[in-house]
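In what follows, a structure is listed as structure tokens, so that the remarks can point back to it.
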Amino acid sequence: MATESSESEEEGKIRGGNDKLNIDDDLREMGKNAAWSVSSCKPGNGVATLRDDNLETYWQSDGLQPHLINIQFQKKVRLQLVFVYVDFKLDESYTPSRISIRAGDGFHNLKEIKSVELVKPTGWVCLSLSGTDPRETFVNTFMLQIAILSNHLNGRDTHIRQIKVYGPRPNPIPRQPFQFTSAEFLTYSTLR
């Protein structure tokens, strides 16, 4: 199971974060297959900084809230987890405090599937797109939108250092080194 942030007793509140990103072998990063866009950005702090695998760089919004990150896929994909790297110690009032995640076929029919409140987060914050257990189910979607609704200390612009989006690996046999693609191969994939 993927490592999750410590979630408080109150529903939708997430405290803390994790220094390291630990992901199961049966999940894969789906963000590389998507087109990313943002509602606004400061020069030099654009959408590319969300995906550069460098925790020192960050996307900085520029304008009125809500700040939006749009993740669009060419075909419908199954998504389970979104990991966001934020750092309250470094970014203070630029750190998001309320995040809404929306899914749909496009901009015209996005529906909110998750809303969370972050309490002084530092590190990787895990946002499950399903119920309480990230393994329970997934979201089938063409588009995911992450909306930053408010920041800590009533900040206007926001900093997000990294975002990773994970979905199930297509291999039907977990922890199998090779991938069988036909029913006939699946039939002979195990020994008695």
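The values are calculated or read from the model by the stated rules, or taken from the named source; none is laboratory data. What you see is a predicted model, and the numbers here were worked out from it, not measured in a lab. Every residue, glycine as well, gets a Cβ built from its backbone with ideal geometry; the counts of neighbours run over all protein chains shown. Just so you know, the surface numbers come from the protein's heavy atoms only, side chains and all, with ligands and any DNA or RNA stripped out. Shrake-Rupley method; radii C 1.70, N 1.55, O 1.52, S 1.80 Å.
G106 passes every criterion in (1) farther than 20 Å from W36 by Cβ; (2) at pLDDT 80 or above apart from (1). A single entry from I71, I113 fulfils the requirement of being open to solvent by less than 10 Å² (accessible area, probe 1.4 Å) and more than 15 Å from D157 (Cβ to Cβ): I71.
Residues that are more than 15 Å from Y58 (Cβ to Cβ), buried (at least 16 other Cβ atoms within 10 Å of the Cβ) and modelled with pLDDT of 95 or more do not occur anywhere in the stretch 119-131.
Does at least one position in the stretch 90-98 carry a residue that is charged (D, E, K, R) and surrounded by 15 or more Cβ atoms within 10 Å (Cβ to Cβ)? There is at least one residue in the stretch 90-98 that is charged (D, E, K, R) and surrounded by 15 or more Cβ atoms within 10 Å (Cβ to Cβ). Filtering the stretch 33-56 for residues that are in contact with a Leu (Cβ under 6 Å, 6 or more places away or on another chain) and either free of Cβ contacts under 8 Å to residues at least 40 places away in the same chain or among the hydroxyl-bearing types (S, T, Y) (or both) leaves a non-empty set. Determine whether K20 is in a strand (DSSP E or B), loosely packed, with under 14 Cβ neighbours inside 10 Å and not aliphatic (A, V, I, L, M). Taking the combined requirement at face value, the residue does not satisfy it. The residues of the stretch 54-99 that are over 13 Å from the mean Cα position of the chain (by Cα), assigned to a loop (DSSP other than H, G, I, E, B) and not aromatic (F, W, Y), listed by number, are N54, L55, E56, T57, S61, D62, G63, L64, Q65, P66, T95.
Per the conditions (1) at pLDDT 95 or above; (2) touching a helix residue (DSSP H, G or I) at 6+ places or on another chain (Cβ under 8 Å); (3) open to solvent by less than 20 Å² (accessible area, probe 1.4 Å), the sole criterion not satisfied by L144 is (2).
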